[in-house]
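Values quoted throughout were computed directly from the atomic coordinates according to the rules given, and no laboratory measurement underlies them. None of these values were measured; they are calculated from a predicted model. Cβ sites come from the backbone with ideal geometry, for glycine too, and all protein chains shown count toward neighbours.
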Amino acid sequence: MTKTNPANAEIADLFQQIADLLEQQEEENPFRIRAYRQGAQQIRQMERPLAEIVRGGDHQALENLPDIGSGLAALIVEFVETGCSSLLDDLRGSSSPVDQLAKLPGLGVELAGRIVEKLDIETLPELEQAAHDGRLETVEGFGPRRIEAVKVGLSGLLTRSARRRSHRLERGEARESEGEIPSVALLLELDAEYRQKAETDELRKIAPRRFNPDNEAWLPIMHEERKGWLFTVLYSNTARAHELNMTRDWVVIYYKRSDQERQNTVVTATRGPLEGKRVVRGREKECISHYNSA
């Protein structure tokens, strides 16, 4: 899979994601985190497309750019040439949903844990949706004032596309117009393909940092490009998945197109009309329609 032409803003977003995940996982070297953040800031200010430099073969020119150097230059080259980042894959495989939610100002580990426990939410975009559709109100400790504070805090942390989505939710507009996110059918297709390939040992495996004391490369990862979307698929390596013995059931699908980037988790439903079927969490109504029309 080849990345066609990533804009500088996409490369900067990649650096920002890496810095955020390193910070969540208590990276011991603060200078490493700072390097990625400074690199992201520098890239956003550059006028010449970095993809153009990579395709011209002048990798030394990348290393000579302010706040880049050889390590970040290699990451840029990998991203432009493959559309992926092995470092980001490793960090995603190690990230904890409680850690991700707890970074929201004023939330903290205890409240983040309640959200994960009650709503099975794993990401800030999923928290954003829950804050607007009423689900967050069902979690102990979340009244109108705290929910409003969550919305305000999210506006400062989410990507540009997520902020635009939040504004649409505030105005009461549709959650997503057709084509803005992958269909449930496509996500379920990727879920089935990933689990089949993982079972037959056809996928590269990474060694997640969390819950992996022997540093074993056990977590299969799949990259695909479908209908203009770039997908990264892997089993959930969260504390909750390990606690419930669901590390081989819950499948996390990251997807990106242009400046839109989100993720969904696919699980086996344990109750209700979808019991026993694979379901895209948070899109259950669409899953019912999908299975009824099959």
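Over the range 35-130, the hull volume per residue, using the convex hull of the C-alpha atoms, is 131 Å³. When +1 charges are put on Lys and Arg Cβ atoms and -1 charges on Asp and Glu Cβ atoms, the dipole computed for the range 8-83 relative to its Cα centre reaches about 200 debye. Once Lys and Arg get +1 and Asp and Glu get -1 on their Cβ, which of 65, 75, 51 lies farthest toward the positive end of the dipole of the range 8-83? About the Cα centre, the residue reaching furthest to the positive side is 65. Neighbours of residue 219, meaning other residues whose beta-carbon lies under 11 angstrom from its beta-carbon, give a summed charge of +3 when Lys and Arg score +1 and Asp and Glu score -1. List the pairs from 197/277; 151/227; 118/285; 227/256 whose alpha-carbon separation is above 21 Å, in the order I gave them. The answer is 151/227. Near residue 190, once Lys and Arg are set to +1 and Asp and Glu to -1 for all other residues with Cβ below 13 Å from its Cβ, the sum equals 0.
Net charge near residue 205, counting Lys/Arg +1 and Asp/Glu -1 over other residues with Cβ under 12 Å of its Cβ?
That sum, taken over residues with Cβ under 12 Å, equals -3.
Our analysis of the range 8-83 gives Rg over Rh at 0.96, with the two radii drawn from alpha carbon positions and Rh computed by the Kirkwood formula.
Taken about its Cα centre, the range 184-293 carries a charge dipole of roughly 300 debye when the Cβ of each Lys and Arg holds +1 and the Cβ of each Asp and Glu holds -1.
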